[in-house]
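Engineer: For reference, the structure I am asking about is given below.
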Amino acid sequence: MSAQSLVESLDHARLLEALTPAMREAGRLIEQLKAAGCEARDKADKTVVTEADEAAERLLEAAIRAADAAAVIVGEEASAAGIQPDACSRFWLIDPLDGTRDFVEGGLDYSVNIGLIENGETVLGLVLHPPSQTLWTGAKGLGAWKESAAGTRDAITTRPLAHPPTIVTSRSHLDAKTRAWVEAIPGAISCPSGSSLKFCLLAEGAADAYPRYGPTSEWDTAAAHAILLAAGGIMVDVFAQPFRYGKPDYLNSSFLALGDPAAASRLPVFSAL
């Protein structure tokens, strides 16, 4: 490891340690507001927002600024309010409550997400599942972990492609293209799930692939994508190129996430066609 890589790894380890308490605090705050019955309303883009989204984002932004004084932060709710800095070589992405609709409807598939982007690559991520207080973390050069509410922390890695493979899909955004891709895999086990937790299933070796056609935002994917990479997986675009960040308006195109990088040659071609 080069001296620069060592310095970067040590800084990433410091940031993970510094932000973990804020992630758990945000999760507890979300659950408290859910129990109190926070109301939902539609944003301009017709997606749903609640007081829990906004309060958690304020908490997380303050924690990032305390840990990284020069931070450039792109938050989902701030962006919705018109506060969206231009992408630069190093910036943070916050999705304070991914899966808000599931949250509002009383489901359990929602998460809290912080990701760090450096030169277009997601290099560090934290994902929390508020109902269980399960936390996934990972960073480039360090590895990935899953931590229980009690604080038990275990290293996680992806698995070789299983036979038959388990394919995680969006529960609320399952389109015809995705369905056709999954059905082209003999015996594939389809596992609908919500929010960024789909990536975490790949990262911990509980699933094999996550195909996603259609748009998402960079804050939806950055944190869990970083964990997947740190655990040994990959995520590519429709041209089979590594997925990048800092795109116009922070909008993602279609992508394929894989636990086993070698699986791409043994699965249907993932393309926009």
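None of the figures in this text is laboratory data; all of them are computed from the coordinates on show. Just so it is clear, the model here is predicted, and its values are computed rather than measured. Ideal geometry is used to build each Cβ from the backbone, glycine not excepted, and the neighbour counts take in all protein chains shown.
Engineer: With each pseudo-label sitting 7 Å past Cα toward Cβ, what's the Ala81-Asp11 distance in nm, one decimal?
Structural biologist: 2.8
Engineer: Could you work out Rg/(2.2 N^0.38 Å) for the range 166-266, with Rg from alpha carbons only?
Structural biologist: Details: Rg = 12.4 Å, N = 101, 2.2 N^0.38 = 12.7 Å.
That works out to 0.98 for the range 166-266.
Engineer: Report, in whole Å, the centroid distance computed from the Cα atoms of the range 171-238 and the range 113-141.
Structural biologist: So the separation of the two Cα centres works out to 16 Å.
Engineer: Is the shape of the range 3-156 best called rounded, prolate or oblate, per the rule: a/c under 1.5 gives rounded, else a/b larger than b/c gives prolate, else oblate, with a ≥ b ≥ c the square roots of the Cα gyration tensor eigenvalues?
Structural biologist: oblate
Engineer: Further question on the same structure: Just the number, please: percent antiparallel of the DSSP beta bridges in the range 137-273, rounded to the nearest 5. List each step's numbers first, then the result.
Structural biologist: Numbers: 17 of 23 bridges.
For the range 137-273, the DSSP antiparallel bridge percentage is about 75.
Engineer: Which net charge results when you count Lys and Arg as +1 and Asp and Glu as -1 among the other residues whose beta-carbon is under 10 Å from that of Phe255?
Structural biologist: Working: positive: Arg212; negative: Asp237.
That sum, taken over residues with Cβ under 10 Å, equals 0.
Engineer: Scaled to the compact-protein estimate 2.2 N^0.38 Å, what is the alpha-carbon radius of gyration of the range 30-80, rounded to two decimal places? Please report the intermediate quantities before stating the final value.
Structural biologist: Details: Rg = 12.7 Å, N = 51, 2.2 N^0.38 = 9.8 Å.
Against the empirical 2.2 N^0.38 Å value, I get 1.29 for the range 30-80.
Engineer: Okay, which of the range 199-222 sit inside 16 Å, backbone N to the point 7 Å along the Cα-Cβ direction of Ser271?
Structural biologist: none
Engineer: Which ordering of His129, His173 is given by a fewest-first count of other beta-carbon atoms within 10 Å? Spell out each step's value before the answer.
Structural biologist: Values: His129 21, His173 13.
Result, fewest neighbours first: His173, His129.
Engineer: Have a look at Leu19, Ser79, Ala240 and report the one farthest towards the positive end of the charge dipole of the chain, computed about the Cα centre with Cβ charges (Lys/Arg +1, Asp/Glu -1).
Structural biologist: The one lying farthest along the dipole's positive direction is Ala240.
Engineer: What spacing in nm lies between the two simple spin-label points modelled at Gln241 and Ser172, each 7 Å away from Cα in the Cβ direction?
Structural biologist: 3.1
Engineer: Find the all-direction average of the projected area of the Cα convex hull for the range 64-111, expressing the result in square nanometres with one decimal place. Working shown, then result.
Structural biologist: Values: hull surface 17.2 nm².
Averaging across all directions leaves 4.3 nm² for the Cα convex hull.
Engineer: Another question about this same structure. About its Cα centre, how strong a charge dipole does the range 166-266 have in debye, to the nearest 20, once Lys and Arg get +1 and Asp and Glu get -1 at the Cβ? Spell out each step's value before the answer.
Structural biologist: Values: 8 positive and 9 negative charges, 25 e Å.
For this selection, approximately 120 debye.
Engineer: Okay, next question. Return the distance in nm (one decimal) between the two label points of a simple spin-label model at Ser132 and Glu39, each offset 7 Å from Cα along Cα→Cβ.
Structural biologist: 3.4
Engineer: Given that just one value was derived from the coordinates, which of (i) 19.3, 68; (ii) 19.3, 63; (iii) 17.5, 51 is Rg and Dmax of the Cα atoms in Å?
Structural biologist: The listed entry that was calculated here is (iii).
Engineer: Which order do the peptides 218-230, 143-155 come out in when sorted by mean C-beta neighbours inside 10 angstrom, highest first?
Structural biologist: Ranking the peptides 218-230, 143-155 by packing returns 218-230, 143-155.
Engineer: If the only charges are +1 at each Lys and Arg Cβ and -1 at each Asp and Glu Cβ, what is the size of the charge dipole of the chain around the Cα centre, to the nearest 20 debye? Working shown, then result.
Structural biologist: Working: 23 positive and 35 negative charges, 122 e Å.
It works out to roughly 580 debye.
Engineer: If we sort 198-204, 131-137 on the protection proxy, mean other Cβ atoms within 10 Å, highest first, what's the order?
Structural biologist: 198-204, 131-137
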